[in-house]
Amino acid sequence: MRYVTAIADMRSMTKAAQVLHVSQSALSLSCKRLETELGVQLFSRTGKTLRLTEAGELFCAQAVEILRLTSNLEAQLRRMSQDRNPPVYFGTEVIDFSNELITLFRQTDGNMDVQAENAEKAKLLENLRNGTYCFALTLRDHTGDGIVSTLLLDEPMLVLAGPTSHLVEQPEIRMEDLRGSPFVTTSDEYGIGQLMREYFQMRNIPMGKIHQVGDSDSIGVKVYNNFGISFVPETVVNLWVRTPQICIPGIRWLPVEHGSLRRRVYYTRTEDMTPSPDCEAFLRFLFGYSAAIREAHAYPALDAVLPFLTD
């Protein structure tokens, strides 16, 4: 219902995918499956514009009301839950790591409310100090001035290149080889986008044009279609490789300068942090989850994390 109403509002699959933070291919496939299930066509296309059919108008009218009622119910239940236990709310610069972490944790405790906010450095540190965040997951060590950072993950970055890229014949990439190359990233302001900027600045090499996309799946699609290349952490590469639904044949993962370009993930908190019982439980899972990643060099399944959670 959220997908269909978003497409109806934007009248564009591409714009709706950006708003929903899903890949356009996943959004299109979901709508086709829904139409098949319902036995009706919800949208018609006029040029590049999508319009609701008569069945689509009926569906959206009901869906908007159902979503409103659902949102109200969720808000009421959340307020009841927060009266008993405040949510575990943390900031993050590491979207893929945080999303996988929360998804897996909810398989162990579906009742605990855990929320993450993606933010840049200044906001992360401000919200840590004013108590908005329980803790933060950062890409840098911020130890000092009342802040403590603990290293969770240290992994090499790989270059993601399409099958016709001039880079695919090289066994290993040098940063100099990427001079002026166009890049694809979810954002050039934080996360991987910011790391890419730092890599090039450290070596005084100019970057090429940057294409921003809505999610990590879309990075693979853009790279495959020669919009540019991207840097991808080892754990994300291994997730894509073992997931047939998102593995794109022909894409190459190329090592960079003997693994010298790395992504480091830190658990960052204030020195005087006093975690709630729920936060302590979530942190135990976070540390076990990180240990499982370090062992497997990939995002783990729940059964791979459980051995690290024993006292």
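The values are calculated or read from the model by the stated rules, or taken from the named source; none is laboratory data. What you are looking at is a predicted structure, and each value in this text was computed from that prediction instead of being measured. In this analysis, Cβ positions are derived from the backbone assuming ideal geometry, glycine residues included, and neighbour counts consider all displayed protein chains.
So, in region 200-225, exactly how many residues are under 23 Å from S28 (Cα atoms), outside any helix (DSSP H, G or I) and modelled with pLDDT of 85 or more?
1
Here D145 meets each of (1) exposed (fewer than 13 other Cβ atoms within 10 Å of the Cβ); (2) outside the structural domain of E271 (by TED's automatic domain parsing) with one exception, condition (2).
Against the definition (of a type in the set (D, E, K, R), out of contact with any helix residue (DSSP H, G or I) (no Cβ under 7 Å at 6 or more places or on another chain) and assigned to a helix (DSSP H, G or I)), how does E176 come out, yes or no?
Numbers: of a type in the set (D, E, K, R): yes; out of contact with any helix residue (DSSP H, G or I) (no Cβ under 7 Å at 6 or more places or on another chain): yes; assigned to a helix (DSSP H, G or I): yes.
Yes.
Scanning region 45-77 for residues that are out of contact with any helix residue (DSSP H, G or I) (no Cβ under 7 Å at 6 or more places or on another chain) and in a strand (DSSP E or B) yields a count of 4. Looking at D177, is it under 30 Å from T274 (Cα atoms) and of a type in the set (D, E)? Taking the combined requirement at face value, the residue does not satisfy it.
Number of residues in region 262-311 that are within 30 Å of R197 (Cβ to Cβ), part of a helix (DSSP H, G or I) and touching a Pro at 6+ places or on another chain (Cβ under 8 Å): the value is 2.
Check region 218-227 and report whether any residue there is among the hydrophobic types (A, V, I, L, M, F, W, C), within 17 Å of the chain's Cα centre (by Cα) and surrounded by fewer than 20 Cβ atoms within 10 Å (Cβ to Cβ). Yes: one or more hits. Cβ-Cβ distances below 7 Å connect no pair with a first residue in region 259-273 that is under 15 Å from V236 (Cα atoms), a second residue that is of a type in the set (D, E) and part of a loop (DSSP other than H, G, I, E, B), and a separation of six or more residues or different chains.
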